[in-house]
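**Student:** Quick one: the structure is below, questions incoming.
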Amino acid sequence: MTPIAHAPTPQSGPPGRPRARPRSTTPLDDFEWIIYVRISDDREGAGLGVKRQEDDGRALHKRAGLGGRILCVLTDNDLTAYDKSGRYKPRPDYEQLCALLQERPGRRGVIAWHTDRLHRSPRELEDFIDLIEATGAPVQTVKAGIIDLSTASGRMTARVHCAVARHESEHKSERIRRKVEELAEAGSIYGGGPRPYGYNRIYDSDGPRRKILRDDVDPAEAAIIRELARRALAGDTLRTLVRWLNREGITTSTGRQWSQQGLRTMLTSGRIAGLREHRGQVVAKAVWDPIITVEQHEQLRVMLRENQRPPGSRVRIHYLSGFVYCSNCVGKGVKMRVAPQHGKLKYKCLADIGGCNGRVIGLADLEELIGRLMVAKMSDPKTLRELAAREADATTATAGLVEQIEADERRLVVLKSALDDGDEDDLPEVVGSIREIRQRLRGARAEFGRLASVPKAGQDDLPELASRWPDLDLDQKQRLLRLFVSQIIIHPAVRGLARFDPGRVEVVPAGRARAQEHGA
C-alpha cells in the first residue's frame, strides 16, 4: 500500500513548543479522518449549513485521494468560534476532536470546510498548533487547501486566515451593534429572549429562527401590572406584592414564581410604559402600546430603585421600627431599636449605634397607642379630605414635572445634533444651552423624586382597613403609617411613674421632621 505523503517535519520545534512528533507512514487503510463542521448562526434551524460542509468534506476526501477512512463527523451547529471577551466558548465537538487526535497520534487527521470553521480566536489557534505539532495530525480544508502546521510557512498561513476571520467577526459585531442602536432609536423590537410579561409576542412563523413582528398587550396580564403599579406607588413593599402574586398562583411569562428582583426589574422597566430602553437608558418611545403611564414609570423608578435594601441590612419585624426616635438623638438621625429588658421587648436608644442610652419605652404599649391613633385617623372624614387634597396637589405637580423633563430631553437631543453638525461660531452658545438644560433636568428630577416618594393612599378604602387594623400584616401597617406619621419621638419618663405614660409620646405628622433637641 502507498503511504500517506507528508511534508518533512523538523526534529525540533521553535522554543516553547513541544517537540514535533514524526509524521506517520502508516498504510492508508489504517489512517482515520475526522470531518469537523461548524456554523455560527443556523437561521434555517435544520442543520442544512453543516450538512453542506460535511458533503464538501466527503467529496474532498474522495477527490484528493486522501485514503484511509472517515472515522466520524463532528458537528458544532449554531455555535460561534469567536468570543469578543477573549474567552473560549464551549464547543463540545471541537473538544472531542482534540481528544480523538490525542488518542492516536499520527494516525488521525482533520478535514474542515475552511480554517475559520476551526478557529476565529488567535489564542485558540495557538493551542491547536501545539496539539498538531504534538500529534503529527494533518489538516485538510475544502477552501484553503492543506494547512501544514508543522512548518513555519503553514503556521503563518493559518495565523493569517485566523486574523482575517477575526476581523470579519469584529466588523460584523460593529454592524450588529449599530443596527441595534438604530432599532432602539426608532423604538423597534430587536432580539428574542423570553416573552415580556404583559404582552403577547406575535411571530412570523413557528420555527426556531422566527422573526418577531410585534408585541400586543395581554389584557389579563396588563391588569395585574396596573394593580402592582398602583399598590407599589401606594407604598406596598415588593415582599408583600411577591407574596400576593405567588399566593394567587400568578406566574411570570416563563411559568416560574415571582422574586423580588424579578418584580423590581419588571416594574421599573421602560417597556411597560411604552418606552424603548437601550443599555439601561430610555432612548425613544416604543412601537408597542404602554400599560402604565410615563408618570407612573418615573415614580416607580424613583421609589423602587432608591428604596432597595442594602445587603446585610436589618429586616424589620415590628411595624414601628424606623419611626421611633429618642428626643435627645432625633437630630442625629439615630433610631431607637427593639431590645429585651426584664423579660419584655422595649424600644431603646442604644449607645452602640450612636444613641444616648437614656431612653426606654415598652414596645407593646407603644404599638397599642399608635394603633388607636391610626384607626382614628383612617376613620376621620376631615383627615381623609386633607389627605386626598395633598395627594391631588402632588399628582398635579408630578404631571407638570414629567412634561418639563420630556420637553427638556427632546431639546437636549436637538442641541446635541447641532453640536455635531453646527457652525463653529455657534458652538459656545450650544454648549451653554446644553449645560443649562442639564442643570434644569437635575433639579426637576430631584423634585420629582421628592414628590414621588410621598406616600399615597391611592384607591385604598381607609375606613375599611381601619376596621381590620389588628389583622393587617407588617408591610400594610408600615405603608399606612407613612401616610400620617413622619416620626414618633419618645421624651423622658416622669420620675417615680411606673406605668406607661402616653404623654411621653410625640407623633410628628407626615411631611414634617423635628429639629434636634437637647435635654428635652
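Bear in mind that the values in this text are calculations on the coordinates, not laboratory data. Quick caveat: nothing in here was measured; it's all calculated off a predicted structure. With ideal geometry, Cβ positions are generated from the backbone for all residues, glycine too; neighbour counts draw on all protein chains shown.
**Student:** Between residue 386 and residue 439, what length comes free when the chain is fully extended (0.36 nm per residue of separation minus the Cα-Cα distance, one decimal in nm)? Please list the in-between numbers first.
**Tutor:** Details: separation 53, 0.36 × 53 = 19.08 nm, distance 3.40 nm.
Taking 0.36 nm per residue and subtracting the Cα distance, the gain is 15.7 nm.
**Student:** On full extension of the chain, what length is gained from residue 506 through residue 356, given 0.36 nm per residue of separation minus the C-alpha to C-alpha distance? Let's see the in-between values first.
**Tutor:** Values: separation 150, 0.36 × 150 = 54.00 nm, distance 1.84 nm.
That pair, residue 506 and residue 356, stretches by 52.2 nm at full extension.
**Student:** Take 36, 319 and order them by how many other Cβ atoms sit within 10 Å, fewest up front.
**Tutor:** Fewest-to-most Cβ neighbours within 10 Å comes out as 319, 36.
**Student:** For segment 199-306, just the Cα atoms, rotate onto the principal axes and tell me the three extents in Å, largest first.
**Tutor:** Its Cα atoms span 42, 32, 23 Å along the three principal axes.
**Student:** Taking the mean number of other Cβ atoms within 10 Å as a proxy for protection, how do you rank 194-200, 436-442 from highest to lowest?
**Tutor:** Working: 194-200: 18.3, 436-442: 13.0.
Final packing ranking: 194-200, 436-442.
**Student:** Still on this model: Using the number of other C-beta atoms within 10 angstrom as an exposure proxy, rank 361, 111, 202 with the fewest first. Write down the numbers at each step before the final one.
**Tutor:** Values: 361 22, 111 25, 202 10.
Final ranking by Cβ density, sparse to dense: 202, 361, 111.
**Student:** Sticking with this structure for a sec: Taking amide hydrogens as modeled 1.01 Å from N in the peptide plane, which residues meet the under 5 Å criterion relative to residue 336, leaving out close sequence neighbours?
**Tutor:** 324, 325, 326
**Student:** Would you mind getting me the FRET efficiency between residue 202 and residue 416? Use the beta-carbon distance for r and R0 = 41 Å, nearest 0.05. Walk me through the numbers on the way to the answer.
**Tutor:** On the way: r = 35 Å, r/R0 = 0.85.
Efficiency, rounded to the nearest 0.05: 0.75.
**Student:** Let me ask another. With θ taken as phi - 60° and the coefficients 6.51, -1.76 and 1.60, list the Karplus ³J(HN,Hα) couplings across segment 63-76 in order, rounded to whole Hz; mark glycine and proline as x.
**Tutor:** 5, 7, x, 6, x, x, 9, 8, 6, 6, 10, 9, 10, 10
**Student:** For 50, 430, which order do you get if you count the other beta carbons within 10 Å of each Cβ and list the fewest first? Please list the in-between numbers first.
**Tutor:** On the way: 50 21, 430 18.
So the residues, fewest neighbours to most, are 430, 50.
**Student:** Now for a different question. HN-Hα J couplings of segment 348-363 from phi, Karplus 6.51/-1.76/1.60, θ = phi - 60°, integer Hz, Gly and Pro as x?
**Tutor:** Rounded to whole hertz, the list is 10, 8, 7, 5, 6, 10, x, x, 8, 6, x, 9, 9, 8, x, 5.
**Student:** In addition: Would you pull out the residues with amide H under 5 Å of residue 487's amide H, same chain only if 5 or more places away, H placed 1.01 Å from N?
**Tutor:** Excluding prolines and chain starts, which carry no amide H, the hits are 508.
**Student:** If you don't mind, another one. Measure up 62/211; 211/285; 285/416; 382/477; 211/416 against 28 Å on the Cα-Cα distance and list the ones that go over.
**Tutor:** Values: 62/211 40 Å; 211/285 21 Å; 285/416 19 Å; 382/477 21 Å; 211/416 34 Å.
Over 28 Å Cα-Cα: 62/211; 211/416.
**Student:** Continuing with the same structure: Scan around residue 33 for amide H atoms under 5 Å from its own, H built in the peptide plane at 1.01 Å from N, and keep only partners 5 or more places away or cross-chain.
**Tutor:** 69, 70, 71, 109
**Student:** Can you grab the distance from the C-alpha centre of segment 470-508 to the C-alpha centre of segment 217-289, Å, no decimals?
**Tutor:** 35 Å
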